[in-house]
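Engineer: Please see the structure below; I have some questions.
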């Protein structure tokens, strides 16, 4: 009898996502959800409610900017169209509703926070100690989960009114 | 193979014309006539129903029917009849009938291999249920005729192939097909229970959890509230942590596996442990350099 050969079953390695790139995109998505949520719980001064709602991202962070642009294409900040700007420097004449300074760009941001003092700009950072330097919201990672610290005094210096609900989401730290 | 049956058939010929006629038909390759006659003979004769040689001839005729008429039919009734007949022959064969037993086994192995190949060929995203049955039939036959033979390798390969199919089904629509993700995990868990040190099974299981974690946030709308985001992040952390031991084991078993290093870097990035993520990325870069040289 002719011997019957077995057909080879060759299970492929699963085609995973591009691991690290995807993990970076995942974190960008989380931060985008946070930033978009902030637009719902914070009241900006009247002149910042006119024109586009500008979110500036300091430094080179294409993954986050891309995610923010996706969000801006489908969402509004109240009645304002959302505009995303990638910034290499902060001009004191610039009008930003939110300025996000990613951790990797903190060192290069210099006196950006001071320049925007009193401007009606919500400064969001993600580096330890940034609340003390004037940031109103600072992302922190607690047990692998991204959360945020909130400084009402720093927000008020920017003429921003923080909704109570947002306060309830913030983590309490001494930092 | 039928040659060895001549003496017996001659003896039967004096008692049962249908049986001998069936035998002659199959030698002349008149398959349908042989099948009709053997069934009539077995039906009409109580003696033949207890004769292992008669069952062997029936099995042989049905095997030929399968090969010539139903080879492309994966649910071939003739194949099932052939399997049944050969097993019946074995069950009726006394210890003295060693050759008969051996002949039955050779035929059964052939039929089992056809079940295995059908399982392998039919397995795809549009058809995953039948191959499970074909593979079960392969296993059932082999475990009866070769109880000491290890089928672990085949079982692991099939479980992994099945997991790949389930994963493809899941990835085609992750929102509505979450059940396939669980089936994929179940298949890989089976492969790992049989072969805990299987590198690919460990890696694939790690990647399943990793991808599930990533998708949790990718599939979300920007509008979700912060309480939900917190809950999602919590789930993600659990999934990344579940991914970790499998991926670490794959790497420990095969330190040259680039995909495992890349996955570990991704998992730690997902856990916001950027130092460890960077460490594995550096190991990967180093490995790539070494392999270039």
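The values are calculated or read from the model by the stated rules, or taken from the named source; none is laboratory data. Computed from a predicted structure; not experimentally measured. In this analysis, Cβ positions are derived from the backbone assuming ideal geometry, glycine residues included, and neighbour counts consider all displayed protein chains.
Engineer: Under the condition of being free of Cβ contacts under 8 Å to residues at least 40 places away in the same chain and outside any strand (DSSP E or B), which residue from segment A:127-142 is surrounded by the most Cβ atoms within 10 Å (Cβ to Cβ)?
Structural biologist: A:136
Engineer: Give the residue, chosen from A:33, A:42, A:55, that is closer than 17 Å to residue A:97 by Cα, modelled with pLDDT of 95 or more and surrounded by fewer than 22 Cβ atoms within 10 Å (Cβ to Cβ).
Structural biologist: One residue alone meets the criteria, A:42.
Engineer: Still on this structure, please answer the following. Which condition breaks for residue B:149 when tested against (1) closer than 30 Å to residue B:102 by Cβ; (2) modelled with pLDDT under 95; (3) assigned to a helix (DSSP H, G or I); (4) away from chain A (no Cβ under 12 Å)?
Structural biologist: Residue B:149 satisfies every listed condition except (3).
Engineer: Ok, one more. Report, by residue number, each residue of segment B:111-144 that is within 20 Å of residue B:91 (Cβ to Cβ), more than 11 Å from the chain's Cα centre (by Cα) and surrounded by fewer than 19 Cβ atoms within 10 Å (Cβ to Cβ).
Structural biologist: B:140, B:143, B:144
Engineer: Restricting attention to segment A:66-86, report how many residues are within 17 Å of residue A:122 (Cα to Cα) and surrounded by 19 or more Cβ atoms within 10 Å (Cβ to Cβ).
Structural biologist: 4
Engineer: Is it the case, given these coordinates, that residue A:100 is within 21 Å of residue B:224 (Cβ to Cβ), in contact (Cβ under 8 Å) with a residue 60 or more places away in the chain and assigned to a strand (DSSP E or B)?
Structural biologist: For residue A:100, the condition - within 21 Å of residue B:224 (Cβ to Cβ), in contact (Cβ under 8 Å) with a residue 60 or more places away in the chain and assigned to a strand (DSSP E or B) - is met.
Engineer: When you look at residue B:291, is it within 23 Å of residue B:219 (Cα to Cα), surrounded by fewer than 20 Cβ atoms within 10 Å (Cβ to Cβ) and more than 10 Å from every other protein chain (Cβ to nearest Cβ), yes or no?
Structural biologist: No.
Engineer: Then there's this: Out of (1) buried (at least 23 other Cβ atoms within 10 Å of the Cβ); (2) within 19 Å of residue B:143 (Cα to Cα), what's the single condition that is false for residue B:93?
Structural biologist: Of (1) buried (at least 23 other Cβ atoms within 10 Å of the Cβ); (2) within 19 Å of residue B:143 (Cα to Cα), only one is false for residue B:93: (1).
Engineer: Residue B:266: within 12 Å of chain A (Cβ to nearest Cβ), at pLDDT below 95, surrounded by fewer than 18 Cβ atoms within 10 Å (Cβ to Cβ) and under 35 Å from the mean Cα position of the chain (by Cα), yes or no?
Structural biologist: In short, no.
Engineer: Please determine, by comparing only the residues of segment A:143-165 that are within 14 Å of chain B (Cβ to nearest Cβ) and assigned to a loop (DSSP other than H, G, I, E, B), which one is surrounded by the most Cβ atoms within 10 Å (Cβ to Cβ).
Structural biologist: This residue is A:144.
Engineer: Quick check on my filter: what residues within segment B:104-145 are away from chain A (no Cβ under 11 Å) and not in a helix (DSSP H, G or I)?
Structural biologist: B:124, B:125, B:126, B:127, B:128 - these are the residues of segment B:104-145 that are away from chain A (no Cβ under 11 Å) and not in a helix (DSSP H, G or I).
Engineer: Does segment B:208-235 hold any residues that are more than 8 Å from chain A (Cβ to nearest Cβ) and either over 24 Å from residue B:188 (Cα atoms) or without any contact (Cβ under 8 Å) to a residue 40 or more places away in the chain (or both), and which are they?
Structural biologist: Selection gives B:209, B:212, B:216, B:219, B:221, B:228, B:231, B:232, B:235.
Engineer: Could you check segment A:136-175 and list, in sequence order, the residues that are within 14 Å of the chain's Cα centre (by Cα) and closer than 19 Å to residue A:53 by Cα?
Structural biologist: Across segment A:136-175, the qualifying residues are A:136, A:137.
Engineer: What number of residues within segment B:216-243 are closer than 17 Å to residue B:274 by Cβ and outside any helix (DSSP H, G or I)?
Structural biologist: So the answer is 0.
Engineer: A further question on this structure: Being more than 10 Å from chain A (Cβ to nearest Cβ) and either over 19 Å from residue B:188 (Cα atoms) or not in a helix (DSSP H, G or I) (or both) is the filter here, so list the residues in segment B:244-263 that pass it.
Structural biologist: Residues satisfying the conditions are B:254, B:255, B:256, B:258.
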